[in-house]
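The values are calculated or read from the model by the stated rules, or taken from the named source; none is laboratory data. This is a predicted model, so every value here is computed, not measured. Positions of Cβ are backbone-derived with ideal geometry, glycine not excepted, and every protein chain shown enters the neighbour counts. Each accessible area value is taken on the protein alone, full model and side chains, heavy atoms only, with ligands, DNA and RNA left out. Shrake-Rupley method; radii C 1.70, N 1.55, O 1.52, S 1.80 Å.
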Amino acid sequence: VKKYLWFIAVFVATSMITGTAFAATPSGFSNTTLTVNAEVLGMCKEYQHGSFPSPLTIDPLSATDLNFLPSADELVTCANGTVYTVKVSSANGTALDQTCTSGGVSGMSLKSASWPSDTVAYTFICAGDTDGAGHFTGAGLITAKALGISIRVLAANAQTALAHADYSDTVTLTISY
Amino acid sequence: MKKSLVVLAAMVMVFAMVSGAYAAAQQSNTVTVNATISGVCSFSTGTSTITFPAIDPSDTGEKTAATAGLTYKCTNGTTPASLTNLAGSHTLASTATPADTMVYTLTSSALTAGTGFAAAGTAITITAHIADTVYQVAPAHADYTGTVVLTFAY
């Protein structure tokens, strides 16, 4: 009886040691939770410089407003979903950082180089705004968005303009986002 | 005097009997001891982080960022077979706008044999990759994040 109990005791002790060893070093797996963080900057860039035909021919006999489309539209790329506005300034007019909308920006002026007092008022239009309030939405830096720029000279202003071949203005567009 | 002798004789007999009894019950037993050293591996930390520098979406080329200081230990001579969950595509999502996501992939440096748990850990570098075609169209957010549980298989 004594021997029997002794072997039982050894067996139990061995089992406990073995069990403890497996619990301390479970075979199979070890984990690490990897967290990855990133930031994508809100960014806009000019993709194509806008320009108009030179010269724009203003017909003083026109009974309707004169609309001039660009020879190259202003194209902008912005991070996808980034909402931006376009500010317009006229070198010869009073417009300074006016938000460009599909309704147009007033305070723009063409001025004769030889007769600086002779001017023709016009409206600068950005027909590509998303909501009519001058908000544009970027579609990613690889998808250019056209601002839809154009110039409108009211018939009344064309009809009263003095004849010159050297009217000009410099328009500055600033993208705000 | 007689009494004394009788007592001594009795003691001798008792000792002799006891001694004889031991001799008769003595046996030998061979105890075999077996042991197994498990081949295991473990990371130095339960968590690790990769943080990309701010990404300019007008850039071109893949963006990468990697873990720093991550190590692991293995039983001496044990090489991890692989890291599960490493392969395939993973997703970063904006915390504020979860619908805005970016896909990325993970790679690791070569897995080499461990040198035991008393030795210094073996360095491992996990690198995250974001393709330019992904971040160029990603909405601007500062809070893209994602987690992956990497597991040693061995």
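Residue count for region B:40-55 under the criterion of being facing chain A (nearest Cβ under 7 Å) and open to solvent by 30 Å² or more (accessible area, probe 1.4 Å): the result is 7.
Results for (1) of a type in the set (A, V, I, L, M, F, W, C); (2) outside any helix (DSSP H, G or I); (3) without any contact (Cβ under 8 Å) to a residue 12 or more places away in the chain; (4) open to solvent by 30 Å² or more (accessible area, probe 1.4 Å), shown as yes or no for each residue.
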{"residue": "B:GLN27", "(1), (2), (3), (4)": "no, yes, yes, yes"}
{"residue": "B:VAL33", "(1), (2), (3), (4)": "yes, yes, yes, yes"}
{"residue": "B:SER38", "(1), (2), (3), (4)": "no, yes, no, no"}
{"residue": "B:THR60", "(1), (2), (3), (4)": "no, yes, no, yes"}
{"residue": "B:ALA65", "(1), (2), (3), (4)": "yes, yes, no, no"}
{"residue": "B:GLY77", "(1), (2), (3), (4)": "no, yes, no, yes"}
{"residue": "B:LEU83", "(1), (2), (3), (4)": "yes, yes, no, no"}
{"residue": "B:HIS90", "(1), (2), (3), (4)": "no, yes, no, no"}
{"residue": "B:GLY114", "(1), (2), (3), (4)": "no, yes, no, no"}
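Would you say B:ALA142 is outside any strand (DSSP E or B) and at negative phi? Against the criterion (outside any strand (DSSP E or B) and at negative phi), B:ALA142 does not qualify.
Matching residues to (1) open to solvent by less than 50 Å² (accessible area, probe 1.4 Å); (2) of a type outside the set (A, V, I, L, M, F, W, C); (3) in contact with a Cys (Cβ under 9 Å, 6 or more places away or on another chain):
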| site | (1), (2), (3) |
| --- | --- |
| B:TYR72 | yes, yes, yes |
| B:SER108 | yes, yes, no |
| B:ILE130 | yes, no, no |
| B:VAL134 | yes, no, no |
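Scanning region B:106-128 turns up no residue that is within 10 Å of chain A (Cβ to nearest Cβ), in contact with a strand residue (DSSP E or B) (Cβ under 6 Å, 6 or more places away or on another chain) and within 28 Å of A:VAL76 (Cα to Cα). Applying the set (1) open to solvent by 50 Å² or more (accessible area, probe 1.4 Å); (2) out of contact with any Cys (no Cβ under 6 Å at 6 or more places or on another chain) to A:TYR177 leaves exactly one unmet item: (2). Screening A:CYS126 with (1) touching a Cys at 6+ places or on another chain (Cβ under 6 Å); (2) surrounded by fewer than 20 Cβ atoms within 10 Å (Cβ to Cβ) gives one miss only, at (2). Mind telling me which of the residues B:THR151, B:THR78, B:THR95 ends up being closer than 25 Å to B:CYS41 by Cα and either more than 8 Å from every other protein chain (Cβ to nearest Cβ) or at pLDDT 95 or above (or both)? Just one listed residue meets the conditions, B:THR78. Within region A:65-94, the set of residues being among the small types (Gly, Ala, Ser), assigned to a loop (DSSP other than H, G, I, E, B) and touching a Ser or Thr at 6+ places or on another chain (Cβ under 6 Å) comprises A:SER71, A:ALA91, A:GLY93.
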